[in-house]
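See structure below.
The values are calculated or read from the model by the stated rules, or taken from the named source; none is laboratory data. None of these values were measured; they are calculated from a predicted model. Cβ atoms come from the backbone with ideal geometry, glycine included; neighbour counts cover every protein chain shown. Side chains included, ligands, DNA and RNA excluded: accessible areas come from the protein's heavy atoms. Shrake-Rupley method; radii C 1.70, N 1.55, O 1.52, S 1.80 Å.
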Amino acid sequence: MKFFIDTANVDEIRKAHERGMVDGVTTNPSLVAKEGKDFRKIVDEIASFVEGPISLEVVSEDAEGMLKEARELNSWIDNAAIKVPLTWEGLKATKVCADEGIKTNVTLCFSANQALLAAKAGASFVSPFIGRLDDVGHTGMELIEAIVQIYSNYAFDTEVIVASIRHPIHVYEAALLGADIATIPPGVLDRMVKHPLTDIGIERFLADWAKVPKK
Ligand code: E4P
């Protein structure tokens, strides 16, 4: 299972990278806006140490505009994956990108049929947003299960990025379902390592070790 880091914060990405947990990065316009920095500068900084795919999102709403942006963003770094929305215009742009060898991450996916269309269009990645589905009373993880099954039925190459992750259980459930990738917010990654029994265990071992005679 690959871990992408879901942020545009370079310090957070670096921290996760130093922990050996970064197989890629996903950004979106909201995450970039939070940083208050020039987009290109952020992308160059991330690409200076991240080798895996870095998702960069277009903001045009028509295929032509998306393609123009996709080609431009793709020229910035060697490992770009261009995020396009799951609309007909986005799918048209995805198809052309696939033909031109530009990697795409088809985003804002909320149904299995949308994911099927993304795969048919030749998307490199699809991003179902499970947290946002949970937020409106659906079970986001059921969507992951369906997409993983459908892609496996037809051996589609499109990789499933479990996105809009809110807590460690989402990562655990995504892993159980065999999703290719989880894109994890830094705070959730931090919490994944925590277990009170680990802390108590270390405390006890250290206390006992202090009792061992040292020469
Ligand atoms: C990642 O590709 C998505 O943009 C991100 O996971 C969305 O998360 P949110 O629903 O918490 O904004």
Checklist outcome for this item: Placing each pseudo-label 7 Å from Cα in the direction of the beta carbon, N113 and D99 end up separated by a distance in nanometres of 2.6
Checklist entry - Which FRET efficiency, nearest 0.05, do V193 and R71 yield, Cβ-Cβ r, R0 35 Å? => result 0.30
Checklist entry - How far is it, in nm, from the label point at R204 to the one at D78 when both lie 7 Å from their Cα along the line to the Cβ? => result 5.0
Item to check | Within the accessible area of region 2-210 (1.4 Å probe), percent carbon and sulfur | outcome: 53
Checklist entry - In Å², what does the accessible area per residue of region 1-114 work out to with a 1.4 Å probe? => result 49
Item to check | Residue of P168, P29, P85 that the Gaussian network model of the chain assigns the largest fluctuation, springs spanning Cα pairs under 10 Å | outcome: P29
Next on the checklist: Treating only the Cβ of Lys, Arg, Asp and Glu as charged (+1, +1, -1, -1), what charge dipole size does region 2-210 show about its Cα centre? Round to the nearest 20 debye.
Outcome noted: 60
Checklist entry - D135 label point, 7 Å along Cα→Cβ, cut-off 15 Å on backbone N: hits in region 178-215? => result 185
Checklist outcome for this item: Note, region 14-25: 3J(HN,Hα) by Karplus (6.51, -1.76, 1.60, θ = phi - 60°), whole Hz, Gly/Pro = x, goes 4, 4, 5, 5, 5, 7, x, 10, 10, 9, x, 9
Checklist entry - Top mean-square fluctuation among K120, K92, K41, Gaussian network model of the chain, C-alpha springs under 10 Å? => result K41
Next on the checklist: What number does region 2-210 give for Rg over Rh if you use C-alpha atoms and the Kirkwood radius?
Outcome noted: 1.03
Next on the checklist: Once you place label points 7 Å from the Cα toward the Cβ at E64 and N153, how far apart are they in nm?
Outcome noted: 3.7
Item to check | Amide H partners (placed H, <5 Å) of T104, local residues excluded | outcome: I82, S124, F125
